[in-house]
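S.K.: One structure, as structure tokens, below. Some questions next.
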Amino acid sequence: MQLQQLQYFVAVAETRHFTRAAEQVHVAQPSLSQQIRALERELGAELFSRARGNIALTDAGETLLPLARRILADADTARQEVQELGRLERGRVRLGATPSLCTGLLPDVLRQFHDRYPGIRLLIEEGGSHDLVRELARGALDLALVVLPLPSPSPALTTVELLREDLVVVSSPEAKAPGARGRSVRIADLQRERLVMFRHGYDLRELTVAACRAEGFEPDFAVEGGEMDAVLGFVRAGLGVAVVPRMVATRAGRGLRVTPLTRPGLHRTIALAHRSDVAPPRAARELQRMLVEPR
């Protein structure tokens, strides 16, 4: 089994077309087809169903596809590691982070990293912790900033806790302050508020809804389904209140009232994760060091 054969196989699986796959990998279509047939002979199973010109994965193809993607990702990581120059003058880091961390934690760290290593490309992917864990596992990311506990146990990942962050309630200064006295907000007080809520898959959504249910009520959503910037914008417009990380609220600037939650409040733990079985590339290890350093 050759890496080139796996590359051709993935290209056909993604395009569902031999000719378009050949164009994508810059090879003649007969050569691509020949390599796919050789791979099938070696594996002892057909990978594609070719009925009436329609290309579909067989059960064997469905089984091979995620493994092939991971093998190719690992090979690409190895290539990047070897090709990086000693002083990190070139290379890349693929970093995943939840949207709130992209807004709050990352800007200062990435600016520091870019100033020190301007030749390193930073590829950022936003997503919920569940999606980022999946991308790490298949080799599409080098590092990911996730919220603990992870949505599902993953022994293949190593996590290092970075910080524990308070959550606060943000509201429009033109609206009535949430809570009894406006100095702090109890979770129970949110029963009388309409919430601007993040989309499904957001760690903050799950944490807030769980806290409300623990107090015996279902939260009332004024608007739901937004990303971080949209949620803050809806709150500024007076549509409702939202529970967000203190770091995000601090960075959001004017147009928001920030009210702390009454003790014990709500918190979230941020961790840096990477695959346990593959060391991150050198550039990623340097970014990892900068993220782990006390700030």
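S.K.: Does segment 85-93 contain any residue that is open to solvent by less than 10 Å² (accessible area, probe 1.4 Å) and closer than 20 Å to Gly226 by Cα?
M.R.: So far as segment 85-93 goes, no, none of its residues is open to solvent by less than 10 Å² (accessible area, probe 1.4 Å) and closer than 20 Å to Gly226 by Cα.
S.K.: Evaluate segment 31-48: report whether one residue or more is in contact with a Gly (Cβ under 8 Å, 6 or more places away or on another chain), outside any helix (DSSP H, G or I), under 30 Å from Ile120 (Cβ atoms) and of a type outside the set (Gly, Ala, Ser).
M.R.: No, that holds for no residue.
S.K.: Still on this structure, please answer the following. Could you tell me which of the residues Leu204, Leu143 is at pLDDT below 95 and within 28 Å of the chain's Cα centre (by Cα)? Full working, then the answer.
M.R.: Numbers: Leu143 fails: at pLDDT below 95.
Answer to the check: Leu204.
S.K.: Note down all Cβ pairs under 8 Å where the first residue falls in segment 247-263 and is over 12 Å from Gly104 (Cα atoms), the second is of a type in the set (Ser, Thr, Tyr) and open to solvent by 20 Å² or more (accessible area, probe 1.4 Å), and they're at least six residues apart or on different chains.
M.R.: Val258/Thr250; Thr259/Ser184; Pro260/Ser184; Leu261/Ser184; Thr262/Ser184
S.K.: Among the residues of segment 10-23, is there at least one that is of a type in the set (D, E, K, R) and open to solvent by less than 70 Å² (accessible area, probe 1.4 Å)?
M.R.: For segment 10-23, residues of a type in the set (D, E, K, R) and open to solvent by less than 70 Å² (accessible area, probe 1.4 Å): absent.
S.K.: Sticking with this structure for a sec: Just to be sure I understand, how many residues within segment 235-262 are modelled with pLDDT under 90, open to solvent by 30 Å² or more (accessible area, probe 1.4 Å) and over 18 Å from Ser184 (Cα atoms)?
M.R.: The total comes to 4.
The values are calculated or read from the model by the stated rules, or taken from the named source; none is laboratory data. Small disclaimer: the values here were computed from a predicted structure and weren't measured. Here the Cβ is made from the backbone with ideal geometry for all residues, glycine too, and neighbour counts use every protein chain on show. Accessible surface is based on the protein model in full, side chains and every heavy atom, while ligands, DNA and RNA are left aside. Shrake-Rupley method; radii C 1.70, N 1.55, O 1.52, S 1.80 Å.
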